[in-house]
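Novice: Below is one structure. I have some questions about it.
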Amino acid sequence: MLHPMTSEPEQQIGVGTQDAFQRLWTPHRMAYIQGENKPTGPGADDGCPFCSIPAKSDEDGLVIKRGEQVYAVLNLYPYNGGHLMVVPYRHVADYTDLTVPETAELGELTKQAMTALRTASGAHGFNIGMNQGSVAGAGIAAHLHQHLVPRWGGDTNFMPVVGHTRVLPQLLADTRKMLAEAWPSA
């Protein structure tokens with residue numbers, strides 16, 4: 001039986017105690033909190049996940065689309081369902097250091113990603129951007145990556161605002177497959 005919600009949190013004793021959804025378990029977030037998949041240094045050989053992803057299969061690396069200069073990959077710690085990134089293969093930190101072909105393909109894959117997200121999930125809008133440097137919020141500052149976060153009317157609710165938790169309706173592998181199938185041909 002569900003207990004009525006109160007403004008005061010109940011004392012939680014044990015994992016199996018009924019708590020009327022006052023607690024949402026997100027154990028996958030511990031990997032991010034503990035720094036899993038973080039590089040040990042700024043170089044490409046310092047454990048950079050963006051350098052190792054291209055060597056994996058699309059399914060294992062969550063790669064959606066591979067271009068000649070850049071690739072699109074799901075974010076392992078997404079802000080929203082379908083959150084992906086466009087990443088140059090080359091280990092480069094600053095946007096101004098991209099070559100003309102890298103810049104052009106980054107833009108083209110961004111456009112294609114928007115089309116795929118609209119087709120696959122009916123996204124109404126997008127947050128698109130990159131954090132340049134750790135002081136600007138880049139989790140992996142040594143390897144440039146552009147975020148695309150799909151948005152829907154009314155998708156902001158109490159979970160991220162009050163609970164500091166994202167609710168994702170689909171496994172990342174299923175999201176990767178859905179977007180890869182919806183990706184437009186170039």
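We did not get these values from a lab; they are worked out from the coordinates using the rules stated. These numbers were taken from a predicted model, which means no experiment stands behind them.
Novice: Output the pairs from Lys38/Lys177; Lys38/Lys111; Lys65/Lys177 with a Cα-Cα distance over 18 Å in this structure; if there are none, say none.
Specialist: Lys38/Lys177; Lys38/Lys111
Novice: A further question on this structure: Run through all the Cα pairs of region 39-87 and give the fraction in each 10 Å bin from 0, expressed as whole percent.
Specialist: 25, 51, 23, 0
Novice: Pulled fully out, how much extra length does the chain show between Thr99 and Thr119, if you take 0.36 nm times their separation in residues and subtract their Cα-Cα distance?
Specialist: Result for the pair: 4.2 nm of gain on full extension.
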